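Below is one structure, written out as structure tokens, with a few remarks after it.
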Amino acid sequence: MDDHDEQFISGLAHDPVATFGRPAPDGGETRQPPLPAGGGPASRPRRGRRALAGLAAIAVLAAGAGGGAGLLLGDALTTAVPVSGTPVPSVVNVADTGVTPNWDAVAASVSTSVVSIIVTSSGAEDQGTGVVVNRSGDIVTNNHVVSGLGPRASVDVVVGGTHYPATVVGVDAAADLAVIRITNPPRSLTPITFANSSGVRVGDAVMAVGNPLGLAGTVTTGIVSALNRPVVTQEASSSISYGGSAAAVYTNAIQTSAPINPGNSGGPLVNASGQLIGLNFSIAALSSGSSSQSGSIGIGFAIPGNEVEHVASQLLTSGSATVATLGVGAVDGTASADGVGYLGASVTSVASGTPAASAGITRGDLVVGFNGVPVGSADALLADVRSAEAGQTVTLTIIRGGRKQTVTLTLAAAANGA
């Protein structure tokens with residue numbers, strides 16, 4: 001999609017969380033210094049043509065499934081390391097304390113919560129990673145891991161070297177998430193614990209678990225580099241359409257410096273206590289026009305754990321996820337208020353009967369904030385809405401006539417996914 005093309009702002013909604021074992025919130029402060037960067041569309045497995053704002057040579061790639069067609073395609077993940085029984089350490093924020101987490105214990109604690117996924121169809125094979133969410137054998141992963149070879153493909157989950165048949169419970173292509181279920185799951189599966197990802201802070205220590213470039217059982221560590229990073233990827237297998245075109249995946253992602261490569265898709269990004277804070281799904285890579293490098297350059301992206309948990313709970317309940325809508329068309333724009341210039345999403349149209357219309361949003365308004373978080377582009381606004389829930393009350397910060405003001409509205413559920 002061209003940078004100036006209008007986007008109709010609709011997005012994912014989430015029902016109350018199912019029981020995935022989240023600990024009680026610790027009340028920690030949330031720092032959110034978002035940068036208004038736009039993601040670049042990338043079609044898996046092709047390289048993306050549009051770059052992150054300010055990084056003209058960077059393309060966003062799915063980090064994901066694949067057969068044997070080169071290094072841009074990943075392979076399977078086996079369990080990370082044997083369970084040692086070592087106690088999992090308490091959450092440690094390296095930025096605050098300077099203490100190095102016990103990564104040996106973290107890797108051991110998540111080893112039986114991570115599985116390989118192998119998808120085959122007509123002689124082709126895709127492989128990726130999944131995360132165990134309950135002892136019934138339900139696994140959450142990326143949609144592009146399980147859907148890349150079409151609806152007739154067979155799905156197997158590999159646990160400790162043994163293959164188990166699995167079925168697809170439900171997918172949400174717009175969120176790039178899916179839930180599959182192992183037939184007769186082994187008793188060794190351990191559900192992963194979800195952290196409250198709204199408490200993640202820039203500088204937190206993290207570990208990514210996956211199988212980059214066929215190197216099974218790889219763990220990598222780094223920090224949270226940024227929050228609320230608008231990232232856009234385009235999935236060729238997407239089955240949901242908005243405005244008559246295939247749905248792109250718009251995510252306000254967690255950016256991490258932990259090296260993530262093709263093969264990490266669907267694997268967890270965990271904190272220093274081994275709790276899932278995100279699901280790895282894409283990487284930034286130097287575009288072919290500037291470099292031949294296609295692997296990690298230290299910029300990886302994960303879908304926030306709260307969104308993963310919300311969507312997975314809906315897929316487990318009904319096999320589908322609800323889409324929320326704001327009801328505006330928008331393009332990237334600029335405006336000034338009180339002598340300060342702003343980037344944002346410039347409203348080009350407002351659909352009648354939508355939340356935006358009811359709240360008095362008009363053509364020409366520039367949306368510069370969503371629930372207090374800066375919005376720097378139309379992509380960022382769409383990512384915000386898709387990360388919210390139908391029925392959720394949100395506050396938009398807009399500039400109209402040179403003045404900044406706030407508007408409160410309640411997002412609606414989109415009809416027929418539009």
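The values are calculated or read from the model by the stated rules, or taken from the named source; none is laboratory data. Remember, it's a predicted structure, so these values are computed and weren't measured experimentally. Cβ atoms come from the backbone with ideal geometry, glycine included; neighbour counts cover every protein chain shown. Heavy atoms of the whole protein, side chains included, go into the accessibility calculation; ligands, DNA and RNA do not. Shrake-Rupley method; radii C 1.70, N 1.55, O 1.52, S 1.80 Å.
Scanning region 120-154 for residues that are open to solvent by 40 Å² or more (accessible area, probe 1.4 Å) and under 22 Å from the mean Cα position of the chain (by Cα) gives a single hit, Leu149. The residues of region 385-401 that are open to solvent by 20 Å² or more (accessible area, probe 1.4 Å), modelled with pLDDT of 95 or more and either over 16 Å from Ala330 (Cα atoms) or not in a strand (DSSP E or B) (or both), listed by number, are Thr393, Thr395. One residue stands out among those in region 252-268 that are within 15 Å of Ile303 (Cα to Cα) and over 15 Å from the mean Cα position of the chain (by Cα): the one that is surrounded by the most Cβ atoms within 10 Å (Cβ to Cβ), which is Ala258. Among the candidates Thr251, Thr256, Thr348, the residue that is within 23 Å of Thr220 (Cβ to Cβ), β-branched (Val, Ile, Thr) and modelled with pLDDT of 95 or more is uniquely Thr256. Only residues that are open to solvent by 10 Å² or more (accessible area, probe 1.4 Å) and either modelled with pLDDT under 95 or touching a Cys at 6+ places or on another chain (Cβ under 7 Å) (or both) were counted in region 290-305, giving 10.
Out of Val373, Val394, one residue alone is over 17 Å from His310 (Cβ atoms) and under 28 Å from the mean Cα position of the chain (by Cα). It is Val373.
Could you tell me whether any residue of region 339-350 is of a type in the set (Ser, Thr, Tyr) and open to solvent by less than 20 Å² (accessible area, probe 1.4 Å)? No, every residue in region 339-350 fails to be of a type in the set (Ser, Thr, Tyr) and open to solvent by less than 20 Å² (accessible area, probe 1.4 Å). For region 120-156, filtered to residues that are among the acidic types (Asp, Glu) and touching a residue at least 60 places away in the same chain (Cβ under 8 Å), the residue that is nearest to Pro185 (Cα to Cα) is Asp138.
If only one of Leu382, Leu366, Leu316 is open to solvent by less than 10 Å² (accessible area, probe 1.4 Å) and within 20 Å of the chain's Cα centre (by Cα), which one is it? Sole residue among the options that is open to solvent by less than 10 Å² (accessible area, probe 1.4 Å) and within 20 Å of the chain's Cα centre (by Cα): Leu382. Which residue is farthest from Leu381 (Cα to Cα), if the candidates are limited to region 312-367 and must be in a loop (DSSP other than H, G, I, E, B) and β-branched (Val, Ile, Thr)? Residue satisfying both the conditions and the ranking: Thr322. Taking the criterion of being over 30 Å from Arg135 (Cβ atoms), open to solvent by less than 30 Å² (accessible area, probe 1.4 Å) and within 16 Å of the chain's Cα centre (by Cα), would at least one residue in region 269-289 satisfy it? Checked against the condition, which is being over 30 Å from Arg135 (Cβ atoms), open to solvent by less than 30 Å² (accessible area, probe 1.4 Å) and within 16 Å of the chain's Cα centre (by Cα), region 269-289 yields at least one hit. Filtered by the rule that a residue be in contact with a strand residue (DSSP E or B) (Cβ under 6 Å, 6 or more places away or on another chain) and open to solvent by 40 Å² or more (accessible area, probe 1.4 Å), region 170-190 gives Val171, Arg181, Thr183. Taking (1) over 25 Å from Phe301 (Cβ atoms); (2) open to solvent by less than 10 Å² (accessible area, probe 1.4 Å); (3) not polar (S, T, N, Q) in turn, Val157 satisfies each apart from (1).
Conditions tested, residue by residue: (1) over 16 Å from the mean Cα position of the chain (by Cα); (2) among the charged types (D, E, K, R); (3) at pLDDT 95 or above; (4) at negative phi.
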{"position": "Ile182", "(1), (2), (3), (4)": "yes, no, yes, yes"}
{"position": "Pro186", "(1), (2), (3), (4)": "yes, no, no, yes"}
{"position": "Leu189", "(1), (2), (3), (4)": "yes, no, no, yes"}
{"position": "Ala195", "(1), (2), (3), (4)": "no, no, yes, yes"}
{"position": "Ser198", "(1), (2), (3), (4)": "no, no, no, yes"}
{"position": "Val202", "(1), (2), (3), (4)": "yes, no, yes, yes"}
{"position": "Ala205", "(1), (2), (3), (4)": "yes, no, yes, yes"}
{"position": "Pro212", "(1), (2), (3), (4)": "yes, no, no, yes"}
{"position": "Leu215", "(1), (2), (3), (4)": "yes, no, no, yes"}
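Can Ser296 be described as in contact with a strand residue (DSSP E or B) (Cβ under 7 Å, 6 or more places away or on another chain) and under 17 Å from Val171 (Cα atoms)? Taking the combined requirement at face value, the residue does not satisfy it.
On the stretch given as region 134-159, residues that are aliphatic (A, V, I, L, M) and either assigned to a strand (DSSP E or B) or modelled with pLDDT of 95 or more (or both) total 6.
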